[in-house]
Amino acid sequence: MNKYSDFEVQKVREADIRLFVRGANEGKAKTEMDCPFCGAKKKFTVLHKGKYNYARCWVCNEGFSGPLEAYAYLQGLDIKRDYVKCIEGVAAMAGIPITPEEIVRKEKVKEAK
């Protein structure tokens with residue numbers, strides 16, 4: 001199992017959530033769409049602007065606090081059990097290069113020699 005540094009995990013957490021919510025408009029900071037959970041018309045907000053990066057329904061309060069949660073939901077994964085798989089999946093879909101700490105350590109040892 002790969003372990004990633006806090007810095008690399010933070011890069012992945014900041015990935016654009018619009019990439020992981022089907023139907024979200026990547027050209028707009030805010031998209032209002034029908035809720036995939038309760039079906040409420042135009043009440044599901046997907047927002048990626050500044051420090052905001054979430055998707056939420058204002059009727060049923062279901063949604064995603066970030067891209068990792070959205071990815072887990074779409075892939076049918078358990079965010080706690082499959083955390084590393086979610087990190088790797090989001091990074092791959094968002095084009096974010098990440099390197100496991102074990103490989104980083106090995107490279108540093110090679111450079112030190």
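The values are calculated or read from the model by the stated rules, or taken from the named source; none is laboratory data. This structure is a prediction, so every number in the text was calculated from the model and none was measured. Here the Cβ is made from the backbone with ideal geometry for all residues, glycine too, and neighbour counts use every protein chain on show. The protein model used for the area step is the full one, side chains on, heavy atoms only, and it has no ligands, DNA or RNA in it. Shrake-Rupley method; radii C 1.70, N 1.55, O 1.52, S 1.80 Å.
Could you tell me which residue of the stretch 16-47 is least open to solvent (accessible area, probe 1.4 Å), considering only residues that are acidic (D, E) and either modelled with pLDDT of 95 or more or in a helix (DSSP H, G or I) (or both)? Of everything passing the filter in the stretch 16-47, D16 is least open to solvent (accessible area, probe 1.4 Å). The lone criterion from (1) open to solvent by 40 Å² or more (accessible area, probe 1.4 Å); (2) modelled with pLDDT of 95 or more left unmet by D6 is number (2).
Results for (1) β-branched (V, I, T); (2) closer than 29 Å to E101 by Cα; (3) without any contact (Cβ under 8 Å) to a residue 12 or more places away in the chain, shown as yes or no for each residue.
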{"residue": "V9", "(1), (2), (3)": "yes, yes, no"}
{"residue": "F20", "(1), (2), (3)": "no, yes, no"}
{"residue": "K28", "(1), (2), (3)": "no, no, yes"}
{"residue": "T45", "(1), (2), (3)": "yes, no, no"}
{"residue": "G50", "(1), (2), (3)": "no, yes, yes"}
{"residue": "Y54", "(1), (2), (3)": "no, yes, no"}
{"residue": "W58", "(1), (2), (3)": "no, no, no"}
{"residue": "G63", "(1), (2), (3)": "no, no, no"}
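Across the stretch 53-78, the number of residues qualifying as of a type outside the set (S, T, Y), open to solvent by 50 Å² or more (accessible area, probe 1.4 Å) and not in a helix (DSSP H, G or I) comes to 7.
Can you tell me which residue is nearest to G23 (Cα to Cα) among those in the stretch 58-78 that are at pLDDT 95 or above and among the aliphatic types (A, V, I, L, M)? My answer is A70.
Does G50 satisfy the criteria of being out of contact with any helix residue (DSSP H, G or I) (no Cβ under 9 Å at 6 or more places or on another chain), at pLDDT below 95 and either small (G, A, S) or open to solvent by 30 Å² or more (accessible area, probe 1.4 Å) (or both)? Before the answer, list the steps.
Details: out of contact with any helix residue (DSSP H, G or I) (no Cβ under 9 Å at 6 or more places or on another chain): yes; at pLDDT below 95: yes; either small (G, A, S) or open to solvent by 30 Å² or more (accessible area, probe 1.4 Å) (or both): yes.
Spelling it out, G50 is indeed out of contact with any helix residue (DSSP H, G or I) (no Cβ under 9 Å at 6 or more places or on another chain), at pLDDT below 95 and either small (G, A, S) or open to solvent by 30 Å² or more (accessible area, probe 1.4 Å) (or both).
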